[in-house]
Structures are given as structure tokens and as C-alpha cells.
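Visitor: Sharing a structure with you now.
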Amino acid sequence: MSNSRENILAAINANKPAPVELPEIPLFERKGDLVNVFIGALEFIGATSVKVTSLSEVDEYLESLQQAGTRLVNTIAELNGYNINAYKKANASELEALDTAFIKGRVGVAENGAIWVSESDMVNRLFPFICRKLVLVINAKDIVYNMHEAYRRIQVDEDGYGTFIAGPSKTADIEQSLVVGAHGPLELKVFIVS
Amino acid sequence: MSQPATHHNKAAAAFLKNGQRAQWHDETLWFVRAKRDKAAHQIPEWEALRNLGSQIKEHTLSNLDEYLLQFEANAKKNGIKVHWANNAAEHNQIVYEILLHHNAVNVVKSKSMLTEECGLNHYLAERKISVVDTDLGEYIVQLRNEPPSHIVLPAIHLKKEDVSNTFHKHLHTEKNNQDPVYLTRAARQVLRKKFITADAAITGVNFAVAETGGIVVCTNEGNADLGVHANKVHIACMGFEKIIPRAQDLSVFLRLLARSATGQPITTYSSHFHRPKAGQEMHIVLVNNGRTEQLGREAFRNSLKCIRCAACFNTCPVYRRSGGHSYHNSVAGPIGSILAPNLDMRKNADLPFASTLCGSCTNVCPVKINIHEQLWSWRQVLMAEGYGGSAKKASMKLMTGVLSKPAVYRLSTGMARFFMRYLPFLVNNRLNPWYKQRDMPSAPKESFKDWYKKNRNHE
Ligand code: SF4
């Protein structure tokens, strides 16, 4: 199949249309209260959100889960109970029983509720997907209006993997009835720190 | 297969036999279309985004070989193994050899229309490799041994009682429990085990970025990510037209894709894979399978701009009322009817005729493909090549059968919407043969007003 590469490239070269210019992409900026737009979008996509003024409020929540016996992983060093070492290299079957994961979000997008989470923040690529409940913590100043601005803020290949997460996993494949909680988390909670 | 060219017509007639179900299908997809409209109208720059999406794709097609080379070089730098397949058989063989090399016998796969196009599951099953489709809709149809009927909503032809029966039979769920939450949780449990115990993961690709050498996969369920991250081997299969030049181009396409597909502002996950995780191997298979030929057909090359959102399916009166299986091609609907004849003109000659040419598809397409004009052009090509005669006749029957069945016409709010939804073939446009007297379907022989009055009583 080494020939296929050359055959394909030659056929494309012979068949491709005349040059067309690559357009510049405007920012399509919009002003307004981005945090509130973001909160509205999160609600629309089935996530819950809490505005807090300091990380200690997130700490309190985390501690309440710990006291209730929740199996959780916290990848955010600024919070209490940072415990990645036990799970860093864990595989899927070891993580299957994980209840909750706390992860830092880099950039939030007001218009659609999506939050960029990069591999170095999630530590283990499985965490945001295998847990039942995902908790993302994002700074209010990292909320932008739309995807154009978001892509200017992030470097998609800075880590080997990164993803925009918009809400809990969901499906509507049975008669178009929306079911929250497909293969990934059943719940997404977002802390917005101002 | 005595008259392959009449297939769509016959399959559509069979689909319509179950009138209630056909009506449900029609209404449900129209509802998805309405959600798309709402989502699009919330973006003031929607038309500008469509233009940008279209231009970026046209630019990419005009430099396709260079972008593929750039992508290959960058992907290799990222530690990804890149393969090239000229046709479906080569694609399947490449995937098989990778799996064989890793002694993989259990594979989890997330949605990939390309592997459907190539018949990968069947090919691997013959070689004792089991592939589980993990998208819920695809899993349902796989258990039933059916192909997906829609590229975004694979099980849209089924009702919850069908899913309940299928799950009862295969997953031993409670008989007659039709609760979608219960059924989804049951599948979640079974598939979680599959993700964890598989040997390799296969995914499709929504976008491949030339400048960074990585791929983007969009799902709502999280199945692509769970499969890939839980496994040591990731094989991503893509038609080479998925390439885009820059990472920032994603900002345009991700704003357009989910809004056009389901009316969501974005899919739950838009995952960017650039390097395999430690201890993992990542492969990308770039597939041609007739795409270079389509690129050479001036009238049809724009079909390669498609981002597979399925908006053209949901809005199409023929698709809604004939079901995806009647298109006998991995990609159904209006865009499938343009792609299919390129693969096999004789077998798929009927498909460009399975349309009213009302142009609704073209109006909703996020990358501005002139879908209905291309369908018209295919008809001219097929007639000239001698494939079109029986297909054309069949299509006339289709129109009277699929679109003129009075029982399903219901009074909608306002006449304009009524026309758009049910009688687009009465809309005048230069390509629409139904508008011309000689081609009018026989059902509305009586004056439209009488016919309408009469059928309104069917409510
Ligand atoms: S042709 Fe356009 S509307 Fe149809 S699936 Fe492709 S991108 Fe969507």
C-alpha cells in the first residue's frame, strides 16, 4: 500500500480545482455579562453551576463529599485533598468505581457552555470520562464569548490530548428522548471562581 | 436485483406501509429540523459562518494534496502512524493487520461512517475479530443486524418498543420495559465492560488539522474517548476530505456542526487527539475509495465539503417519508444520493431521482453545498449514460406514493409551512420537474383546494 500514497496524491493533484483563497476568521465579538451567558448555556446543556468567590468554597464541597465516603480524585493542587498519585497511572478497570473527579478547566465558552480541559490538567485521560460525576473549576476571567476567541486562547497541541466538555454525557438515540448520562459522567458541576 | 434502479422506490413503499410509524419518523425529523432552525437563528453571523465554512473547505480541496502531506508530516512528528488506503479493501486490510499485530480480538468502535462505507465490521468478523459499535444508536442497530438508517441518529427508524425487545433478547432487560433511561443505563453497563476489556479502539474522525497533525472527534455520549483512553491501540479511520488547514478553522466548524445536526450549541465532547498517551499506539488511516474521482467531477466535487451533519436528511421530505434504509448506501439522504452514484453508477442510479429538488437541503447545508443542483446534474449524467430511464419512472411513482398519500397530511400552522413541509414539489424552482404540468403526480388531480379540504377531515 506504499503505492497507494503516491497514487492518491497524484490523482488529487490531477483532479483538484483551481486555487481558492483561505479566508481570515473574524472574532465575531459580543459584549455583555459573559458569566451569566455562560451559566445560561450550562443550564441548557444539563450542567449545574455555582459562582464562588474563593476556592475555599470548592474545598468545602470536596470535603463534604469525602465525608460522605465518595471515591474521588482531585487533580487540582490548589484544593485540599490533592490525591493524584494513587490514580495517576490507573487503568480503566481500576478506575471503574471512581465516583467523582475534580479537574481544572482552562477556558470556558459563554455561547455554548463548553470548557477546554487539557491533558496536563486532567492528569489521566480517563478521569473526565470514567467518573460518574465530573466537577470542573474555572476562573471567571477565563470565560470568553465564543469558539473563535477560545481557539485563540488555547494551543490545541500543547498536550497530547485536550477536549471541550459541554455538559454531562448524553444520548437521545431511543426515540429522541434525551437521557442524561450515556457512557461518560451522569453529572457535570461547574464552579466559577471570580 | 433485476431492476436495481428502482430500489429506493420499492423500499420507500414498504416503509410507508406502516403509516403510523412513517408519520412518526416524518414528524420527529421535522422536529429536529426545527431545533436546527432555532439554534441557527440565535447566531447573528450564521450566514457568515456558512460562507466561511464553505470557503475553508473549497480552499482545502484546491490544495488537498499539500494539506495531506503537511498533515502526514506533523502527525508523524506527533508519534502517530499514518496509513494510506486507495479503496475499501485496502482500508480493511490495514486495520486488520494492525489488530493482528497486537493480537486484538475484541474491538470497541465509536461512530465512523467511513468504516460503514468500507464494510469493516463484516470483514473483521470473518477474521474472528469482534467489533462492538458503542454509540448507543449504532449498538442498537448492530444487535438487530441492521445498518444505521441516519448518519447522526442511527436508530431513528426504531421505536422504543423495538429497542426494548432487542435489549430484552440480547441484554436480558425486563420484558416490555420501554423506559429510555432504563434502557440506556442497561446499555451503559454492558458497554462499560466492553470498553474495559477490549484490546483496541477504532474511531471515526470529524476533522483532521494539517498544521498540527491531530484529529478531532465529536460525540455526545463520550464513547469515543472512553474507548480510546481505556485501550492500548487507537485506530482512527477517515476519508481524506476531513482535512482542514488550521486549528482555528475548528472554531467555525464546531459552531456549525452540532447546531445543524441536532440544534445543540455544541456536542458534549469535541476531543482533540494529537499524541498517543504513554504506552499507547495511535494510527490514522487516510482513505480514498472514489474520492479522487469525485474531486475530478467538476459538477460534484463540492460534495466533498460535507461535514456529515445530516441537516439535509432531516429537512428532506423524501428522506423523512422513506427512511434511511431505502437509500441502500452507507450515507443516505440527499448528500448520500450524490456520493453513491460516484461509487457505483448502475447500482445507485435511482438515488438522484429520490428527491423533489425542492432545494431545502441546499438552504440548510452549513457548508453551502448546492445539493439539489447536484442531484439534478446527476440525473442528466445518468440519463446520458443510459442508467436513468427506469429510475426516472420509479421516481415519479415515488412522488405519488411517498409525497401524495393524503392520510398523512395534517393541517399545520399556516399555509406556507404546510407547503414547505408536505408539498415542496409544488414549489416553483427551475429544477423542479413536478411544477411542470406534464410531470405533476396524479394524486392532486382534483383542484388542490378540494383535495385539501377533503383531506383535512382525516385529522
Ligand atoms: S451535505 Fe451539508 S447538510 Fe448534508 S450532511 Fe453534508 S454538511 Fe450536512
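Visitor: Would you kindly identify the helices (runs of 4 or more DSSP H) lying entirely within the stretch B:85-141 that contain at least 1 residues that are surrounded by fewer than 22 Cβ atoms within 10 Å (Cβ to Cβ) and β-branched (Val, Ile, Thr)?
Guide: Ranges flagged: B:88-101.
Visitor: For the stretch B:373-380, indicate whether the set of residues that are modelled with pLDDT of 55 or more and more than 16 Å from the ligand (Cβ to nearest atom) is non-empty.
Guide: yes
Visitor: Still on this structure, I have one more. Looking at (1) at the interface with chain B (Cβ under 7 Å from one of its Cβ atoms); (2) farther than 23 Å from A:VAL193 by Cα; (3) part of a helix (DSSP H, G or I), which one does A:TYR151 not meet, given that it meets all the others?
Guide: That leaves (2) as the condition not met.
Visitor: Somewhere in the stretch B:321-329, is a residue within 16 Å of the ligand (Cβ to nearest atom), touching a residue at least 12 places away in the same chain (Cβ under 8 Å), under 17 Å from the mean Cα position of the chain (by Cα) and open to solvent by less than 10 Å² (accessible area, probe 1.4 Å)?
Guide: yes
Visitor: Here's something else I'd like to know. Quick one: which of A:PHE28, A:PHE44 is among the aromatic types (Phe, Trp, Tyr), over 30 Å from B:TYR96 (Cβ atoms) and touching a His at 6+ places or on another chain (Cβ under 8 Å)?
Guide: Only one candidate qualifies: A:PHE28.
Visitor: Separate question: Based on this model, can you work out whether B:LEU286 counts as within 10 Å of chain A (Cβ to nearest Cβ) and buried (at least 24 other Cβ atoms within 10 Å of the Cβ)?
Guide: For B:LEU286, the condition - within 10 Å of chain A (Cβ to nearest Cβ) and buried (at least 24 other Cβ atoms within 10 Å of the Cβ) - is met.
Visitor: Could you tell me which numbered condition B:ARG259 fails, if it satisfies all but one of (1) under 24 Å from B:GLU221 (Cβ atoms); (2) touching a His at 6+ places or on another chain (Cβ under 9 Å); (3) within 14 Å of the ligand (Cβ to nearest atom)?
Guide: Answer for B:ARG259: the failing condition is (2).
Rundown of residues vs (1) more than 11 Å from chain B (Cβ to nearest Cβ); (2) over 19 Å from the mean Cα position of the chain (by Cα); (3) modelled with pLDDT of 95 or more, yes/no style:
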site	(1), (2), (3)
A:GLU6	no, yes, yes
A:ALA14	no, yes, yes
A:GLU21	no, yes, yes
A:GLU29	no, yes, no
A:GLU43	yes, no, yes
A:VAL58	yes, no, yes
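Visitor: Taking A:SER120, is it free of Cβ contacts under 8 Å to residues at least 24 places away in the same chain and within 28 Å of B:THR267 (Cα to Cα)?
Guide: no
Visitor: List the helices (runs of 4 or more DSSP H) inside the stretch A:1-117, counting only whole elements, that have at least 2 residues being touching a residue at least 60 places away in the same chain (Cβ under 8 Å).
Guide: A:34-44, A:55-67
Visitor: If you go through the stretch B:262-282 one residue at a time, how many are open to solvent by less than 10 Å² (accessible area, probe 1.4 Å) and more than 7 Å from every other protein chain (Cβ to nearest Cβ)?
Guide: Number of matching residues: 1.
Visitor: Among the residues in the stretch B:187-196, are any open to solvent by less than 20 Å² (accessible area, probe 1.4 Å) and more than 10 Å from every other protein chain (Cβ to nearest Cβ)?
Guide: So far as the stretch B:187-196 goes, no, none of its residues is open to solvent by less than 20 Å² (accessible area, probe 1.4 Å) and more than 10 Å from every other protein chain (Cβ to nearest Cβ).
Visitor: From B:ASP26, B:ASP65, which residue is surrounded by 16 or more Cβ atoms within 10 Å (Cβ to Cβ), free of Cβ contacts under 8 Å to residues at least 40 places away in the same chain and not in a strand (DSSP E or B)?
Guide: Answer to the check: B:ASP65.
Visitor: Here's something else I'd like to know. Pick out the one residue from B:GLY204, B:GLY239, B:GLY213, B:GLY296 that is more than 16 Å from the ligand (Cβ to nearest atom) and under 28 Å from B:LEU124 (Cβ atoms).
Guide: Just one listed residue meets the conditions, B:GLY213.
Visitor: While we're on this one: Does A:PHE129 fit the bill of being within 14 Å of another protein chain (Cβ to nearest Cβ) and touching a helix residue (DSSP H, G or I) at 6+ places or on another chain (Cβ under 7 Å)?
Guide: In short, yes.
Visitor: Of the residues that make up the stretch B:33-48, is at least one within 8 Å of another protein chain (Cβ to nearest Cβ) and buried (at least 19 other Cβ atoms within 10 Å of the Cβ)?
Guide: Within the stretch B:33-48, not a single residue is within 8 Å of another protein chain (Cβ to nearest Cβ) and buried (at least 19 other Cβ atoms within 10 Å of the Cβ).
Yes/no matrix, rows are residues, columns are (1) basic (Lys, Arg); (2) more than 27 Å from B:MET238 (Cα to Cα); (3) surrounded by fewer than 24 Cβ atoms within 10 Å (Cβ to Cβ); (4) away from the ligand (no atom under 15 Å from the Cβ):
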{"residue": "B:ARG301", "(1), (2), (3), (4)": "yes, no, yes, no"}
{"residue": "B:GLY333", "(1), (2), (3), (4)": "no, no, no, no"}
{"residue": "B:SER337", "(1), (2), (3), (4)": "no, no, no, no"}
{"residue": "B:LEU343", "(1), (2), (3), (4)": "no, no, yes, yes"}
{"residue": "B:CYS358", "(1), (2), (3), (4)": "no, yes, no, no"}
{"residue": "B:THR362", "(1), (2), (3), (4)": "no, no, yes, no"}
{"residue": "B:PRO366", "(1), (2), (3), (4)": "no, no, no, no"}
{"residue": "B:ALA384", "(1), (2), (3), (4)": "no, yes, yes, yes"}
{"residue": "B:GLY388", "(1), (2), (3), (4)": "no, yes, yes, yes"}
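Visitor: Determine which single condition B:VAL107 fails, assuming it passes every other condition in (1) hydrophobic (A, V, I, L, M, F, W, C); (2) closer than 22 Å to B:ILE196 by Cβ; (3) within 12 Å of chain A (Cβ to nearest Cβ).
Guide: (3)
The values are calculated or read from the model by the stated rules, or taken from the named source; none is laboratory data. Everything numeric in this text was worked out from a predicted model, so none of it was measured. With ideal geometry, Cβ positions are generated from the backbone for all residues, glycine too; neighbour counts draw on all protein chains shown. When the accessible area is computed, the model is the full protein with side chains, heavy atoms only, and any ligands, DNA or RNA have been set aside. Shrake-Rupley method; radii C 1.70, N 1.55, O 1.52, S 1.80 Å.
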